[in-house]
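Since the structure comes first, as C-alpha cells, the remarks are kept for the end.
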Amino acid sequence: MDIVGMAIQLYFMMDPLGNIPLVVALIRNYPPKKQRMIILRESLFAFGVSLLFMLFGTQIMSAIDVQEESMKMTGGVILFIIGLKMSMESPSGQEEEAAQTEPFLVPIAVPFIAGPGVMAMVTVLGAEGKNTTITGAVLALVIAWVAGTLTLLLGQYISKFLGSKAMEAIQKLMGLALTAMAVNMFMVGFKSFMHSPVK
C-alpha cells in the first residue's frame, strides 16, 4: 500500500469530521485561544499513542502470543464495527455536555482520535512496514495526523459552513469507505492465516 493510501485510511479511521461536534461540545466554554491549545495538545497525545503502537505494537502482541494474521483479522473486525457505526449514527446525535473540567488525554486524544481502531490499524501498518520500510508508515501517520488536527482546529467553521445535514452525509460516506477497507483488511489477514501454520 502506498503512503497516500495509508494516510487516507488513517484519516478516515481518526474520523476528525465526525469528532467535530464532540470536541466542540467539550471545549465550547473556553476562549478560542484556549480551545486551540487544547486541540493541539490532545492531538499530540493521540499522535504519540499512535506512534507507540506503530513502532512497538508487534512486540506487544508477540509478548501476549498474538500472530500478525490474527492481528489483521481483529483489526478488520474492529474497523468494520466502527465504520458501520459511523454509517448509522448522526454526528449531531453524538454531542455530549460540555466538560466540567478541562479534557486531558481522555476523551479527546483517546478514544476520540486514537481509538481502538486506529491502534489496531497502526499496529498492522507497523508490522507490514517491517517487511519493507517503517518510514512510509510513519510518514502516512504524520500526514493523517496533520490533516486531522487541521480539521479539528477548523471544526467550528466547518460545522457552520457545511451544516448538520452535510456533516452527517460526510460521516456516513466515510463510514462506508471504512467498512470496505475493514473487509479488505480482514480478508488479507484470513488469506495469510490459511497459508501459514498456527504457532
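The values are calculated or read from the model by the stated rules, or taken from the named source; none is laboratory data. Computed from a predicted structure; not experimentally measured. Cβ sites come from the backbone with ideal geometry, for glycine too, and all protein chains shown count toward neighbours. Note: accessible area is taken over every heavy atom of the protein model, side chains too, but ligands, DNA and RNA are not part of it. Shrake-Rupley method; radii C 1.70, N 1.55, O 1.52, S 1.80 Å.
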Rounded to the nearest 10 degrees, what's the angle between the helix 16-27 long axis and the longest principal axis of the chain, both from Cα atoms, 0 to 90? 50 degrees
Checked segment 21-84 against the a/c 1.5 cut and the a/b vs b/c comparison, axes a ≥ b ≥ c from its Cα gyration tensor; verdict oblate
Pick from E42, E168, E102: which residue has the top mean-square fluctuation in a GNM of the chain where Cα pairs under 10 Å get a spring? E102
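Determine, from the Cβ-Cβ distance of R36 and M194 and an R0 of 45 Å, the FRET efficiency 1/(1 + (r/R0)^6), rounded to the nearest 0.05.
That gives a FRET efficiency of 0.35.
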If you put +1 on each Lys and Arg Cβ and -1 on each Asp and Glu Cβ, how big is the dipole of the chain around its Cα centre, in Debye rounded to 20? 320 debye
Label zone at S70 (point 7 Å along Cα-to-Cβ), backbone N below 17 Å, segment 154-197: 186, 189-197
Connecting every pair of Cα atoms under 10 Å apart in the chain and solving the GNM, the largest mean-square fluctuation among M167, M13, M121 falls on M167
State the percentage of accessible surface on the chain attributable to carbon and sulfur atoms; use a 1.4 Å probe and exclude ligands, DNA and RNA. 70 percent
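Which pairs break 28 Å Cα to Cα here: K72/K165; K85/K191; K72/K172; K33/K85; K72/K160; K34/K160? Can you show the working numbers first?
Values: K72/K165 34 Å; K85/K191 26 Å; K72/K172 24 Å; K33/K85 33 Å; K72/K160 38 Å; K34/K160 20 Å.
Distance filter (> 28 Å) returns K72/K165; K33/K85; K72/K160.
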Separation between Cα centres of segment 160-175 and segment 1-54, rounded to whole Å: 17 Å
With each run of n ≥ 4 DSSP H residues scored as -39500 (n - 2.57), what mean residue ellipticity at 222 nm is computed for the chain after dividing by its residue count and rounding to the nearest 500 deg cm²/dmol? -26500 deg cm²/dmol
